[in-house]
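Peer 1: To start, I am sharing the structure in question, which I have written as structure tokens.
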Amino acid sequence: MIHEPGEYGGVTNIGFNSSITKSINPADDWDFFTFTIATQYNITVETFGTSGDTVIDLRTVIDEDATIIDYNDDKGGGDTFSKLTFTNLAPGTYYVKVYGWNNNYLCKNYTLYLTASSSAVSDTTAPVITAITPTFSESYGPYGANIDVTSYDAYGIEEVKLFYRVNYGSWSNYSMWKESYNHYLAAIGHFAEGDFVQYYFTAEDSSSNHNERISNNGGLYYNFTVLHNDFTVPIITNVDHNPVAPNETESVVFN
């Protein structure tokens with residue numbers, strides 16, 4: 001289990017593969033969490049939020065002067081939230097400290113996720129992929145798509161990938177961004193009008209077997225065709241003719 005001590009007093013319990021939302025306010029605030037494992041476990045602890053810059057560390061005692069096992073500031077790729085991953089973490093009680101960057105960064109809301117899978121269990125079940133939702137935008141110039149995927153697994157998700165190709169060309173792939181506990185996002189774009197785009201997904205779990213699920217619409221792939229979105233008729237203005245007042249024998253020129 002994972003707990004949030006709250007001023008070293010009352011404890012809020014949360015199960016493995018679950019989350020809790022807290023805040024760093026004021027800017028020099030911090031939160032401590034703890035979890036206990038009886039056998040070796042694969043553990044991932046990470047924070048998410050819409051804005052903020054967190055740091056997390058792992059230790060075996062709650063004392064501020066304790067030896068830190070490991071810490072992480074930013075996940076990378078512009079993501080200023082934090083992530084720690086441990087394989088075969090030894091049995092024991094551990095504490096996670098969450099605080100703002102440089103101990104002076106306000107974070108009104110962040111969510112801490114704890115993903116845990118037993119190293120001793122042989123998991124043979126692949127993740128589930130549901131709720132595939134494409135939306136379309138001109139922000140990826142001039143046409144693009146945002147792809148949302150929901151994927152979950154009892155042992156946590158290691159990675160979700162999006163594969164796509166344009167007009168039956170070669171496949172490209174991207175590791176999707178984990179927007180929340182089981183929700184993943186990717187943005188693909190720079191398509192031209194008339195492009196035919198096919199795509200599919202893979203999800204790999206965090207168990208020792210790294211089971212993989214492929215979601216490809218039964219081998220037919222998901223797809224869309226880029227259509228134009230200009231439905232505005234032209235505007236005609238400033239129609240002139242010469243001569244202005246022709247007689248019955250004169251030719252008239254329009255411009």
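The values are calculated or read from the model by the stated rules, or taken from the named source; none is laboratory data. From a predicted model like this one, the values you see are computed outputs, not experimental measurements. Glycine gets a Cβ as well: all are built from the backbone with ideal geometry, and neighbour counts include every protein chain shown.
Peer 1: Go through segment 49-78 and count every residue that is modelled with pLDDT of 85 or more, of a type outside the set (Val, Ile, Thr) and exposed (fewer than 13 other Cβ atoms within 10 Å of the Cβ).
Peer 2: Counting residues in segment 49-78 that are modelled with pLDDT of 85 or more, of a type outside the set (Val, Ile, Thr) and exposed (fewer than 13 other Cβ atoms within 10 Å of the Cβ) gives 1.
Peer 1: Within segment 182-204, how many residues are under 12 Å from GLU159 (Cα atoms) and at pLDDT below 85?
Peer 2: The number of residues fulfilling the criteria is 2.
Peer 1: Those residues that are among the hydroxyl-bearing types (Ser, Thr, Tyr) and touching a strand residue (DSSP E or B) at 6+ places or on another chain (Cβ under 8 Å), I need them from segment 169-212; list them, please.
Peer 2: Of everything in segment 169-212, those that are among the hydroxyl-bearing types (Ser, Thr, Tyr) and touching a strand residue (DSSP E or B) at 6+ places or on another chain (Cβ under 8 Å) turn out to be SER172, TYR174, SER175, SER180, TYR181, TYR184, TYR199, TYR200, THR202, SER206, SER207, SER208.
Peer 1: Got at least one residue in segment 183-202 being touching a residue at least 60 places away in the same chain (Cβ under 8 Å) and within 12 Å of the chain's Cα centre (by Cα)?
Peer 2: Among the residues of segment 183-202, not one is touching a residue at least 60 places away in the same chain (Cβ under 8 Å) and within 12 Å of the chain's Cα centre (by Cα), which makes the answer no.
Peer 1: Output the qualifying pairs, or none if there are none: Cβ atoms under 6 angstrom, residues six or more apart or on different chains, first residue in segment 103-117 and surrounded by 14 or more Cβ atoms within 10 Å (Cβ to Cβ), second residue among the small types (Gly, Ala, Ser) and in a strand (DSSP E or B).
Peer 2: CYS107/GLY100; ASN109/SER23; THR111/SER19; TYR113/SER19
Peer 1: Something else about it: Which one of ASP31, ASP74, ASP70, ASP63 is in contact with a strand residue (DSSP E or B) (Cβ under 6 Å, 6 or more places away or on another chain) and free of Cβ contacts under 8 Å to residues at least 40 places away in the same chain?
Peer 2: One residue alone meets the criteria, ASP70.
Peer 1: For residues in segment 137-157 being modelled with pLDDT under 75, outside any loop (DSSP other than H, G, I, E, B) and surrounded by 16 or more Cβ atoms within 10 Å (Cβ to Cβ), which is farthest from the chain's Cα centre (by Cα)?
Peer 2: TYR143
Peer 1: Considering only segment 163-194, state which residues are surrounded by 15 or more Cβ atoms within 10 Å (Cβ to Cβ) and either in a loop (DSSP other than H, G, I, E, B) or touching a His at 6+ places or on another chain (Cβ under 9 Å) (or both).
Peer 2: MET176, TYR181, ASN182
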